[in-house]
Amino acid sequence: MLTDTVCVALSAGGLAIALLTAYRKRYLAATRIAAYALIPVGLAMTGILDWLTDLVFDPGVWLGFAVLGLSWLLFTVSRAVERRRAGAPDGAGELPPAGRAGRQPGLARRGPAANAPGTSRSGRRGSAGRSGSGDDDFSDIEAILKKHGI
């Protein structure tokens, strides 16, 4: 009987803390605290503390299992909400700014010699520019650059 009283007191204190946390608009944390607070009274009501007496036929035992189930449900819901919040990156649905929609960075800033295929940053042709197969690979890119006047 004393253990049941202690369990009820622990649960009441935990629920009071959960209410204060909810008052501060921290609902996810309050839900988790409430789930923890229901465990002692659930264990006392299931009869785990008094395992040998009245386990199967006492309706209070089944009510205790229901309270433990409610505690488990609160844990599950709070974890799912937390994972959903953590999984959504900041600005996930944002579109790129209008001025940069189709623009490739760095192409318009350098001169045409710097963007030609087979040239390095210094403007000299590298080994890729001398080979016959390298020119064929870059012909599409050259056509696009010439079309835009680069």
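The values are calculated or read from the model by the stated rules, or taken from the named source; none is laboratory data. It should be emphasised that the depicted structure is a prediction, and the values quoted were computed from it without experimental measurement. Neighbour counts are summed over all protein chains in view; Cβ atoms, including those assigned to glycine, are modelled from backbone coordinates with ideal geometry. Accessible surface areas use protein heavy atoms only, side chains included; no ligands, DNA or RNA. Shrake-Rupley method; radii C 1.70, N 1.55, O 1.52, S 1.80 Å.
Based on what the data block shows, is ILE39 modelled with pLDDT of 90 or more and under 15 Å from LEU68 (Cβ atoms)? For ILE39, the condition - modelled with pLDDT of 90 or more and under 15 Å from LEU68 (Cβ atoms) - is met. Consider the range 17-32 and keep the residues that are among the aliphatic types (A, V, I, L, M) and open to solvent by less than 50 Å² (accessible area, probe 1.4 Å). The one that is farthest from PHE65 (Cα to Cα) is ALA22.
The combined condition, being modelled with pLDDT of 70 or more, open to solvent by 80 Å² or more (accessible area, probe 1.4 Å) and either over 23 Å from GLY13 (Cα atoms) or in a loop (DSSP other than H, G, I, E, B) (or both), is fulfilled by ARG84. Note down all Cβ pairs under 6 Å where the first residue falls in the range 1-21 and is free of Cβ contacts under 8 Å to residues at least 24 places away in the same chain, the second is surrounded by fewer than 13 Cβ atoms within 10 Å (Cβ to Cβ) and assigned to a helix (DSSP H, G or I), and they're at least six residues apart or on different chains. Going by the 6 Å Cβ cut-off, there are no qualifying pairs. Here VAL61 passes the criteria (1) in a helix (DSSP H, G or I); (2) open to solvent by 50 Å² or more (accessible area, probe 1.4 Å); (3) modelled with pLDDT under 85 except the one numbered (2). Restricting the first member to the range 66-77 and to residues that are hydroxyl-bearing (Ser, Thr, Tyr), and the second to residues that are part of a helix (DSSP H, G or I) and open to solvent by 50 Å² or more (accessible area, probe 1.4 Å), the beta-carbon pairs closer than 7 Å and six or more apart or on different chains are SER71/ILE39.
Conditions tested, residue by residue: (1) of a type outside the set (A, V, I, L, M, F, W, C); (2) more than 18 Å from VAL77 (Cβ to Cβ); (3) in a helix (DSSP H, G or I).
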{"residue": "THR5", "(1), (2), (3)": "yes, yes, yes"}
{"residue": "THR21", "(1), (2), (3)": "yes, no, yes"}
{"residue": "ALA34", "(1), (2), (3)": "no, no, yes"}
{"residue": "ILE39", "(1), (2), (3)": "no, no, yes"}
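Conditions first: (1) loosely packed, with under 13 Cβ neighbours inside 10 Å; (2) part of a helix (DSSP H, G or I); (3) modelled with pLDDT under 65. GLU94 passes all but one, so which condition is the exception? The number of the failed condition is (2).
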